[in-house]
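These notes are about the structure you will find just below.
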Amino acid sequence: MRIDIVTVLPELLKSPFEASILNRAQEKGLVEVHLHNLRDWTTDNYKTVDDYQYGGGAGMVMTPEPIQRCFEELMKERNYDEVIYMTPDGVVFNQHIANQLSLKGNILMLCGHYKGVDQRIRDKYITLEISIGDYVLSGGELAAAVVSDAIIRLLPGVLNNETSALEDSFQDNLLAPPVYTRPAEWEGMKVPDILLSGNFAKINEWREEQAYQRTKDRRPDLLED
Ligand code: ADE
């Protein structure tokens, strides 16, 4: 898989991809992540990427031309399966969307800033608009990092067995059950006996019950669909 991210703040996006699992995934050749500074596609001395909005009102809008130049250059090199715009008015990201995106080959992401991007860029190029939640970030960069992380950890070979994504919260629309490690007793609190029993059928049953109960208590909405 290849992910290209177009941003006015590449430095904000660098470190997430240089650490831990995301770095290892790249080193193993399982994913390539390329950051593109939108200002590299400007043509004026000030490297302008935004302008006042038609109709008036506070806040600048990202101008279409640098984005177009950047996109066209990238699209000459390869076909993109999805061109994603990170924006608070997109569809709210979830595990299902992450699963779908993890099956794609090439993904292009555009990080919004200011009041957002000129609508015509969205109309011409964008195939999917994603929000990571009902709150407003100062730009789409952190959202792009969140979405990339959720996708990349699903790619075959990125996680080992111990951290398998199959048992994550949300993979079956249930939250994950509680987990314990040594010591068996800590601060007067004991690990549930069943987990020490060695009876794996019973342990699985217990985990399923716990997952269901936790979901019912905390996220009943997940049980509805
Ligand atoms: N840009 C600003 N806020 C955002 C959000 N919640 N999700 C995605 N992109 C954003």
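FYI, it's all coordinate maths here, none of it is from the lab. Remember, predicted model here, so these are calculated numbers, not experimental data. Cβ: placed from backbone, ideal geometry, glycine included. Neighbour counts: every protein chain shown.
Among all residues of the range 32-50, there is none that is buried (at least 19 other Cβ atoms within 10 Å of the Cβ), acidic (Asp, Glu) and within 18 Å of Val146 (Cα to Cα).
Of all the listed residues (Met60, Met75), the sole one being within 16 Å of the ligand (Cβ to nearest atom) and farther than 17 Å from Ala144 by Cβ is Met60. Based on what the data block shows, is His36 under 18 Å from the mean Cα position of the chain (by Cα), over 30 Å from Leu174 (Cβ atoms) and away from the ligand (no atom under 15 Å from the Cβ)? For His36, the condition - under 18 Å from the mean Cα position of the chain (by Cα), over 30 Å from Leu174 (Cβ atoms) and away from the ligand (no atom under 15 Å from the Cβ) - is met.
So which pairs qualify, if the first residue must be in the range 116-130 and under 17 Å from Val49 (Cβ atoms), the second must be more than 16 Å from the ligand (Cβ to nearest atom), the Cβ gap must be under 6 Å, and the two must be at least 6 apart or on different chains? So the pair list comes out as Asp118/Pro64; Arg120/Pro64; Ile121/Pro64; Tyr125/Phe71.
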